[in-house]
Amino acid sequence: MLNKNQNLLVIDDDQEIWKAYKKVLEYRSIPETSTGKQLAALLVEGRSKPDTESSIPPRFELSFASQGQSGYTMLKEAAASGTPFSVAFIDIRMPPGWDGMETAARIRQIDPNIEIVIVTAYTDRSREEIVRAVGAPDKLLFLRKPFDPEELFQLALSLSEKWRLGRMEAKARVALSESEARFRSLVETTPDFVWEMDIEGKFTYCSPACEMIYDFRPDELLGHTFFDKLLPQNEVEDYRKSFKRGLEEFIFLEGAHEYCCQNKDGTEVHIESSAAPIINEQGQVTGFRGIDRNVSERHKILAEKNSIEEQYRQAQKMEALGTLAGGIAHDLNNLLTPIIGYAEMNVIKSGPNSPLSNELDIIIKSAKKAADLISQILIFSRKKTLTPEVFELNAIIQDCIKMLSRMIREDIELHFQLVEKTWSIFIDKGQIEQVLINLVVNARDAINGNGTIVVSTTNISIPPDQELTDVNLSKFSGNYVVLAVSDTGSGIEPEIMEKIFDPFYTTKEVGKGTGLGLATVYGVIHQFDGHIIIDSAQEQGTTFYLYLPRSQKEAQLINEPKSTATIGGSELILVVEDDPAVRELTVLILQQLGYHVIYADNGLSAMVEFDNAGGDIDLLISDVIMPLQSGDLLAATIREKRPDLPILFFSGYPKDMAPQQLLESANTSFMRKPFDASILAERVREMLDHSKHHTL
């Protein structure tokens, strides 16, 4: 609505006229050519906070009275209930009771702010007489019958808005008056330091507040100069020169100015000072008077505000980079899937002794290396499918000691300083291993010549009143397990520090780094609500501290994963994939395993195939992001008909839905592209067998 108050009062003894008012003002229908709509748009445009319904014509709330006395009563009751009328349309002739002039005059007495419109076709009273009787001519208009609907609407709209603005202005005047009263009281009892000084800068008057700000009593400042008592020693001379130049050239600072002073014990105090020259009758400056306010707390708040803004900018940057990286990963995974799949199938066809076997192995290995890089991109963008469990961090590190030892050079010592037992953490084991590897490799590359790398763990409880600040400038407290990786390398330069977690940013030579190592660390730690703090000094080394939230559950033992045999079958499988190369490869792999396969390139055509098969399919394999209908919507539609149907999603990057969300439904699994033919075969067989077992 345009106004918070759109209550209008119509006083007219002709009820046919009521219908006209209703037709024009109660319904939200205005012709496109209506100047009333243009007026509404202008009124809304002028607001500092446009209403969300500004495009909808206003609907006024109308109340009707057939006589002046009843209208008068209605207006009194509305005012008493706190919902006054903004505009009153009053017919001038209403026999046998009060006429329009008397009604308007009485209404004005109880509500001097209401906008009144005298509606007349004929009257024996002049306008001058009506204005004298009613008063407030700035709130009195005349409308002649029969009225133009457009004119009526414009009057109602503009007058109700005028009434609203008048109310706002009245409230503002009251608030201003109260504010002025408060200001007078504050000036009389101000904690600010009010002072006067002569042309030499010596204090001639000091208010008692000087002791609150500077710790000096008034008598300790009187007769002494501002420079000698309140300024740091290294700034005294510059201020003396500026003060002298201002007097000679009659140049004085206007308004409030901030500068740094010191109190009695030398502590820094931020001051906002307002001052003006004292000029005698001859026009000569005889001194200055002013007010000093301690704004040290404001400086502290401003610093915190700047910190929060910087934190927000950093979060926006990392989110944007994550979105970009995830999009790249999606496209590359779709390209790599058929490359790996067809290469593996040709290895099987050609046999181990084929001259093409070596070349095909190179293609597969190279493509899988690319897939590993994409996996790191997905970690950074927080879109990789994770399998978090509760672990004890020391156990994961001890499992990696041999591997980490092989990664460093002989001239580097690798030490492990692990607390006796770390608290449990909820983490993806594979990802925290990758984080550890990336940090150790990064530490190795930072060391030129001999050096030391230390991997350590500890448990820490951070009280709420002793919060720490991470690399994103986020403050945190609570119980954490800390993984620290320290090196004696060259340290990180300040200008590089703010970029080190950006994907593809590297300080290494071309071909010696992907720029994804620390980006992966950032993605993993923050995906599990952890924090990162870096301590680095030039030529003294760097320490990365990773704070992982403590889990209340007990850690499980680390076991080797069980292998699953690759077995085919003869079930009917529906494959839905919009990328032709990926779709053809998937269908071919499944057909070679003996399965019956039907396929579609989007969710809508998949429903047609599903219905053609009578809904009698054994497994749905679907991409997540597809044109016309996405994979999750397709699954929801099919599950309405087949709640027990097993569904296998696969995607290079589920843009609008994290994989964990897809897995919330029972009998549902997710597989990331690119995939090996053997992994696809295992997953399909596993899901079909699981479905049969639970159906029996």
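Taking amide H atoms as placed 1.01 Å from N in the peptide plane, list the residues 5 or more away in sequence, or in a different chain, whose amide H sits under 5 Å from that of Phe142.
Amide H neighbours of Phe142, under 5 Å, 5+ apart: Ile118.
Tyr239: accessible area at probe 1.4 Å, nearest 10 Å²?
Rounded to the nearest 10, the figure is 70 Å².
Using a 7 Å offset from the Cα along the Cα-to-Cβ direction at both Glu493 and Val390, what is the distance between the two label points in nm, to one decimal?
4.7 nm
Report, to the nearest whole %, how much of the accessible area of the range 397-493 belongs to carbon and sulfur atoms, 1.4 Å probe, protein only.
That share works out to 46 percent.
Assuming R0 = 60 Å, what is the FRET efficiency of Val194 and Met345, from their Cβ-Cβ distance, to the nearest 0.05?
According to the calculation, E is roughly 0.10.
Just to verify a number: what accessible area does Lys499 come out at with the full protein assembly present, 1.4 Å probe, Å² rounded to tens?
Number for this one is 80 Å².
At 0.36 nm per residue, minus the direct Cα-Cα distance, what do Arg298 and Ile278 gain on full extension? Give it in nm, one decimal, please.
Extra length available between Arg298 and Ile278 comes to 4.2 nm.
Sort Glu272, Glu258 from largest to smallest accessible area, using a 1.4 Å probe on the heavy atoms of the protein chains.
Reading off the accessible areas and sorting them downward yields Glu258, Glu272.
Could you work out how much longer the chain between Leu143 and Glu26 gets when fully extended? Use 0.36 nm per residue separation minus the Cα distance between them, nm to one decimal.
Difference between extended and current length: 40.2 nm.
Please compare each pair in Lys475/Lys553; Lys19/Lys145; Lys365/Lys429 to a cut-off of 19 Å on the Cα-Cα distance and tell me which ones are over it.
With Cα atoms farther than 19 Å apart: Lys475/Lys553; Lys365/Lys429.
Which of the GluC sites (Glu not before Pro) found in the range 397-464 are in a DSSP loop and have at most 14 neighbouring Cβ atoms, other than their own, within 10 Å?
Passing sites in the range 397-464 are Glu410, Glu420.
Among Lys641/Lys673; Lys402/Lys692; Lys202/Lys305; Lys241/Lys305, which pairs are too far apart, with a Cα-Cα distance over 32 Å?
Lys402/Lys692; Lys202/Lys305; Lys241/Lys305
With label points built 7 Å along Cα→Cβ from the Cα atoms of Asp124 and Leu588, find their separation and express it in nm.
Roughly 10.4 nm, to one decimal.
At 0.36 nm per residue, minus the direct Cα-Cα distance, what do His415 and Ile679 gain on full extension? Give it in nm, one decimal, please.
Gain on extension, His415 to Ile679, equals 91.3 nm.
How much net charge surrounds Glu571 when only other residues with a Cβ under 12 Å from its Cβ are counted (Lys, Arg +1; Asp, Glu -1)?
Once positives and negatives cancel, what remains is -1.
Starting with the highest mean, order 484-492, 286-294 by the number of other Cβ atoms within 10 Å, averaged over the residues of each peptide.
Peptide ranking by packing, descending: 484-492, 286-294.
Between Asn353 and Ser366, with labels modelled 7 Å along Cα→Cβ, what's the label distance in nm to one decimal, could you check?
2.8 nm
To the nearest 10 square angstrom, how much accessible area does Phe64 have with a 1.4 angstrom probe?
Accessible area of Phe64: about 40 Å².
Can you work out the Karplus-derived ³J(HN,Hα) for every residue in the range 414-421? Use 6.51 cos²θ - 1.76 cosθ + 1.60 with θ = phi - 60°, whole Hz, and x for glycine or proline.
Running phi through 6.51 cos²θ - 1.76 cosθ + 1.60 with θ = phi - 60° gives 10, 10, 10, 10, 9, 4, 3, 8 Hz.
Whenever you get a sec, line up Ser678, Ser160, Ser551 from highest to lowest accessible area (probe 1.4 Å, protein heavy atoms).
The residues order as Ser678, Ser551, Ser160, largest area first.
May I ask you to rank Asp611, Asp676, Asp616 by accessible area, largest first, using a 1.4 Å probe over the protein chains only?
Asp616, Asp611, Asp676
Work out the FRET efficiency for Glu169 and Glu16 from their Cβ-Cβ distance, taking R0 = 30 Å, and round it to the nearest 0.05.
0.20
What FRET efficiency would be calculated for the residue pair Thr452, Ile534, taking the C-beta separation as r and a Förster radius of 22 Å, to the nearest 0.05?
Computed FRET efficiency for Thr452 and Ile534: 0.75.
Short version: ³J(HN,Hα) in whole Hz for each residue of the range 146-161, in order, from phi by Karplus 6.51 cos²θ - 1.76 cosθ + 1.60 (θ = phi - 60°), x for Gly and Pro, what are they?
After applying 6.51 cos²θ - 1.76 cosθ + 1.60, I find x, 8, 7, x, 5, 5, 4, 4, 4, 4, 4, 5, 6, 6, 5, 5 Hz.
The values are calculated or read from the model by the stated rules, or taken from the named source; none is laboratory data. Computed from a predicted model, the values in this text were never measured in an experiment. Neighbour counts run over all protein chains shown; Cβ positions are idealised from the backbone, glycine included. What goes into the accessible areas is simple: the full protein's heavy atoms, side chains included, and nothing from ligands, DNA or RNA. Shrake-Rupley method; radii C 1.70, N 1.55, O 1.52, S 1.80 Å.
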